[in-house]
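*Asks:* Here it is: the structure, laid out below.
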Amino acid sequence: MAERFVPYGRQWIDESDIAAVSSALEGEFLTTGPVVQEFEDKLKSITAASHAVAVNSGTAALHAAYFAAGVSSGDEIITTPLTFAATANAARYLGANVRFADIDPQTGNIDADSIEELVSETTKIIVPVDYGGLPADYDRINIVARKHGLKVVTDACHSIGASYKGKPSGSLSTAAAFSFHPVKTVTTGEGGAIVTSESVLASRAARFRTHGIVRDPAVQEEHGDWFYQMVDLGYNYRITDFQCALGLSQLAKLGSFVARRREIARRYMEALKPLSSLWLPMQSEGSESAWHLFVVRVAGDAAKRRPFFDRLRRAGLGVQVHYIPVYWHPYYTDLGYEKGLCPVAEDFYNRAVSLPIFPKMTDDEVSFCIEEVIKAAREILE
Ligand SMILES: Cc1ncc(COP(=O)(O)O)c(C=O)c1O
């Protein structure tokens, strides 16, 4: 075992977070109380959205957003295979089918031309994923969507704090889903949110979060104050007030967290640029990534990715790989998806290694990771 271990991502909880959670625990409401609303208001101001619906995971946010955007049984969504399975699974929960569009080899984001090739009569939504925190190519994606009358629901689980042509993540499509898992830029333990500027979509998502139940004062007038009606098959996707208190306290640090991630990415870029055996992450014109991930790719023989990865792990780097193409998972191959469907995404996966990056990472840890990556590249890849 290496003496030190630097994970690829981890939360940063300080005294102010602990105080915020304690105070929420002493409040009158543990769930569905005022702190949930405050957290939603803060999310709205950060993302320039008119509505925010906080839920208990990023997966729940995707599920609710797809439902609210009108996805139902037999519909199709178009998304990227270079993502966590939840992006596609949320469509399957609704009985919808998933078409996988290939990616741009430079950025790892979904390719707008590949989307257009897959649009059919049954397509309902396009789901770009802001891979690693870099906003997808929204100008082109929104053109395809408008042309075919489709909504765009972003999986923005990596990109809170990022921007595209001066606009914040969350404001670039019909709706966006965030995750507040501990490895993400801000955390609520588990948690997520949908943001949108469409009021009908927002109210459908809010209803979905709580069993599809509505309490209409006019109907209560007739039947009694206890009366409610379940109008959709919703879920219990509610988030607690103490989680939202943590989220609010974390959002106050969003700017410094993202700035620190950018600083670490800049150091990696500078130090690793001379290595011809590694491809470094590419940024796109006008975009500012939130740097949730820093993914390098093995440039030569992709078979060397495994020994390179193992060598870094032995040195104490908690490297990871993001992502196994979703349709390679047995659940999806059982549905008939085959290897070779998205060759660019498959090649990306075969070469990828995510290096540690998180705001609490010290300068010394960054230097240690850089040294070990250079050593491993020289030993194994050159
Ligand atoms: C791209 C992407 N989508 C969806 C999710 C699901 O988020 P959560 O773990 O909060 O359910 C994640 C988190 O792992 C993710 O990285």
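*Asks:* Quickly run through the stretch 104-126 and pick out the residues that are of a type in the set (Ser, Thr, Tyr) and surrounded by fewer than 19 Cβ atoms within 10 Å (Cβ to Cβ).
*Replies:* Answer for the stretch 104-126, where residues must be of a type in the set (Ser, Thr, Tyr) and surrounded by fewer than 19 Cβ atoms within 10 Å (Cβ to Cβ): SER120, THR122.
*Asks:* Looking at the stretch 305-323, is at least one residue loosely packed, with under 15 Cβ neighbours inside 10 Å and outside any helix (DSSP H, G or I)?
*Replies:* no
*Asks:* Further question: Give all pairs with beta carbons closer than 6 Å in which a residue from the stretch 1-21 that is touching a residue at least 60 places away in the same chain (Cβ under 8 Å) meets a residue that is acidic (Asp, Glu); count only pairs at least 6 apart in sequence or on separate chains.
*Replies:* VAL6/GLU365
*Asks:* A further question follows. Which residue pairs have Cβ atoms closer than 9 Å, lie 6 or more positions apart in sequence or on different chains, and pair a first residue in the stretch 178-191 that is outside any loop (DSSP other than H, G, I, E, B) with a second residue that is of a type in the set (Asp, Glu) and within 7 Å of the ligand (Cβ to nearest atom)?
*Replies:* Filtered contacts from the stretch 178-191: SER179/ASP155; SER179/GLU190.
*Asks:* Out of the stretch 204-229, which residues are without any contact (Cβ under 8 Å) to a residue 40 or more places away in the chain, closer than 15 Å to VAL53 by Cα and part of a helix (DSSP H, G or I)?
*Replies:* If the condition is that a residue be without any contact (Cβ under 8 Å) to a residue 40 or more places away in the chain, closer than 15 Å to VAL53 by Cα and part of a helix (DSSP H, G or I), then ARG207 is the only one that fits.
*Asks:* For the stretch 6-24, check the following and say yes or no: at least one residue is farther than 27 Å from SER169 by Cβ, modelled with pLDDT under 95 and not β-branched (Val, Ile, Thr).
*Replies:* Just the residues of the stretch 6-24 that are farther than 27 Å from SER169 by Cβ, to begin with: 15, 18-19, 22-23.
Still in the list and also modelled with pLDDT under 95: none.
For the stretch 6-24, residues farther than 27 Å from SER169 by Cβ, modelled with pLDDT under 95 and not β-branched (Val, Ile, Thr): absent.
*Asks:* Output the number of residues of the stretch 70-90 satisfying the condition of being farther than 13 Å from THR122 by Cα and either of a type in the set (Val, Ile, Thr) or part of a helix (DSSP H, G or I) (or both).
*Replies:* Narrowing the stretch 70-90 to residues farther than 13 Å from THR122 by Cα: 79-90.
From what's left, either of a type in the set (Val, Ile, Thr) or part of a helix (DSSP H, G or I) (or both): 79-80, 83, 86-90.
Going through the stretch 70-90 one residue at a time, the tally reaches 8.
*Asks:* Taking the conditions exactly as written (within 16 Å of the ligand (Cβ to nearest atom) and in contact with a Gly (Cβ under 8 Å, 6 or more places away or on another chain)), does GLY95 satisfy them or not?
*Replies:* On the way: within 16 Å of the ligand (Cβ to nearest atom): no; in contact with a Gly (Cβ under 8 Å, 6 or more places away or on another chain): yes.
Answer is no for this residue.
*Asks:* Out of the residues in the stretch 48-65 that are of a type outside the set (Gly, Ala, Ser) and not in a loop (DSSP other than H, G, I, E, B), which is nearest to the ligand (Cβ to nearest atom)?
*Replies:* Taking the candidates together, the pick is THR59.
*Asks:* List pairs: first in the stretch 131-159 and on the phi > 0 side of the Ramachandran plot, second assigned to a helix (DSSP H, G or I), Cβ under 8 Å, 6+ apart or cross-chain?
*Replies:* GLY133/ARG261
*Asks:* If I filter the stretch 168-218 down to residues being within 12 Å of the ligand (Cβ to nearest atom) and surrounded by fewer than 24 Cβ atoms within 10 Å (Cβ to Cβ), which single residue comes out as farthest from ASP130 (Cα to Cα)?
*Replies:* Among residues in the stretch 168-218 that are within 12 Å of the ligand (Cβ to nearest atom) and surrounded by fewer than 24 Cβ atoms within 10 Å (Cβ to Cβ), the one farthest from ASP130 (Cα to Cα) is GLY189.
*Asks:* Have a look at SER354, SER284 and point out the one that is at pLDDT below 95 and within 15 Å of HIS158 (Cβ to Cβ). Full working, then the answer.
*Replies:* On the way: SER354 fails: at pLDDT below 95.
The conditions single out SER284.
*Asks:* Keeping to the stretch 167-194, report how many residues are among the aliphatic types (A, V, I, L, M) and touching a Lys or Arg at 6+ places or on another chain (Cβ under 7 Å).
*Replies:* The qualifying residues number 1.
*Asks:* Could you tell me which residue of the stretch 153-167 is surrounded by the most Cβ atoms within 10 Å (Cβ to Cβ), considering only residues that are in a loop (DSSP other than H, G, I, E, B) and within 11 Å of the ligand (Cβ to nearest atom)? Lay out the reasoning, then the answer.
*Replies:* Keep residues of the stretch 153-167 that are in a loop (DSSP other than H, G, I, E, B), which gives 156-162, 165-166.
This time we only want the ones that are within 11 Å of the ligand (Cβ to nearest atom), so: 156-159.
Values: ALA156: 34, CYS157: 28, HIS158: 29, SER159: 32.
This residue is ALA156.
*Asks:* Any residue at all in the stretch 337-344 that's loosely packed, with under 15 Cβ neighbours inside 10 Å, assigned to a helix (DSSP H, G or I) and modelled with pLDDT of 95 or more?
*Replies:* Of the stretch 337-344, the ones loosely packed, with under 15 Cβ neighbours inside 10 Å are 338-340, 343.
Now narrow it down to the ones that are assigned to a helix (DSSP H, G or I): 343.
From what is left, the residues that are modelled with pLDDT of 95 or more are 343.
Within the stretch 337-344 (the criterion being loosely packed, with under 15 Cβ neighbours inside 10 Å, assigned to a helix (DSSP H, G or I) and modelled with pLDDT of 95 or more), the answer is yes, since at least one residue qualifies.
*Asks:* Something else: Kindly provide the set of residues from the stretch 141-152 that are among the small types (Gly, Ala, Ser), assigned to a loop (DSSP other than H, G, I, E, B) and buried (at least 21 other Cβ atoms within 10 Å of the Cβ), ordered by number.
*Replies:* Hits for the stretch 141-152: nothing passes.
*Asks:* Here is a list of conditions, (1) touching a Leu at 6+ places or on another chain (Cβ under 9 Å); (2) closer than 26 Å to LEU254 by Cβ; (3) crowded, with 18+ Cβ neighbours inside 10 Å, and VAL71 meets all of them except one; can you say which number that is?
*Replies:* (2)
*Asks:* What residue, among those in the stretch 287-302 that are within 17 Å of ALA156 (Cα to Cα) and assigned to a loop (DSSP other than H, G, I, E, B), is nearest to the chain's Cα centre (by Cα)?
*Replies:* Per the criteria, the residue is HIS292.
The values are calculated or read from the model by the stated rules, or taken from the named source; none is laboratory data. Please read these numbers as outputs of a predicted model, since none were measured by experiment. As a convention, Cβ positions derive from the backbone with ideal geometry for all residues, glycine included, and neighbour counts pool all protein chains shown.
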